[in-house]
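Asks: Structure in structure tokens, see below.
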Amino acid sequence: MQILHHIPDIEEVALSTVTAINLLEWLIEPFGTIDSTKEFWQQYPSTIVIFNKNDEPKKVLAVLEGINRHFIEQAETSPEFIENLSCGYQLSLTITSDSGNGFYLVKPRAMRIIQEGGHNE
């Protein structure tokens, strides 16, 4: 698992290069340019949490702060949007403030982080 609080360079993302590029394209799209995206993120910090196929959600969630677990649950169960990324991954977003701060969850499409019936404890 990886947690980022900034727009990363491709090399920083713990995914394949093609998936990292695809992710960055989606993050930049609403702003038009990388510079505009970075400027927005400086004013309204957001978070990207990346699960890879080797992560065990229950173990990962056990070591995260409660607020991160809450936003991961929101991004999985009631996101603003879900977009398919390359190599079997998906990107989902939950907005965390009226200003536009966001919490982005990247995970393998088949991975269930929150078990049916609610919280993954």
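The values are calculated or read from the model by the stated rules, or taken from the named source; none is laboratory data. Predicted model only: the values in this text are computed from it and were never measured. Here the Cβ is made from the backbone with ideal geometry for all residues, glycine too, and neighbour counts use every protein chain on show.
Asks: Which residue pairs have Cβ atoms closer than 9 Å, lie 6 or more positions apart in sequence or on different chains, and pair a first residue in region 59-76 that is farther than 13 Å from L105 by Cα and without any contact (Cβ under 8 Å) to a residue 40 or more places away in the chain with a second residue that is in a helix (DSSP H, G or I) and among the aliphatic types (A, V, I, L, M)?
Replies: Listed pairs, sorted by first residue: L64/I72.
Asks: Now, a different point. Which one of the conditions (1) touching a strand residue (DSSP E or B) at 6+ places or on another chain (Cβ under 8 Å); (2) in contact (Cβ under 8 Å) with a residue 40 or more places away in the chain; (3) hydrophobic (A, V, I, L, M, F, W, C) does A14 fail to meet, given that it meets all the rest?
Replies: Here A14 meets the rest and fails (2).
Asks: If I go through region 102-117 residue by residue, how many of them are loosely packed, with under 11 Cβ neighbours inside 10 Å and at pLDDT below 90?
Replies: Counting residues in region 102-117 that are loosely packed, with under 11 Cβ neighbours inside 10 Å and at pLDDT below 90 gives 2.
Asks: Out of all the residues in region 77-108, which are free of Cβ contacts under 8 Å to residues at least 40 places away in the same chain and either aromatic (F, W, Y) or in contact with a helix residue (DSSP H, G or I) (Cβ under 8 Å, 6 or more places away or on another chain) (or both)?
Replies: Once the filter is applied, which keeps residues that are free of Cβ contacts under 8 Å to residues at least 40 places away in the same chain and either aromatic (F, W, Y) or in contact with a helix residue (DSSP H, G or I) (Cβ under 8 Å, 6 or more places away or on another chain) (or both), region 77-108 yields F81, S92, L93, T94.
Asks: Continuing with this model, one more query. V60 fails exactly one of the following numbered conditions: (1) closer than 18 Å to H5 by Cβ; (2) modelled with pLDDT of 90 or more. What is the number of that condition?
Replies: Checking V60 against (1) closer than 18 Å to H5 by Cβ; (2) modelled with pLDDT of 90 or more, the one that fails is (2).
Asks: Could you run through region 28-46 and say how many residues are within 26 Å of R69 (Cβ to Cβ) and either at pLDDT 95 or above or among the small types (G, A, S) (or both)?
Replies: So the count comes out to 1.
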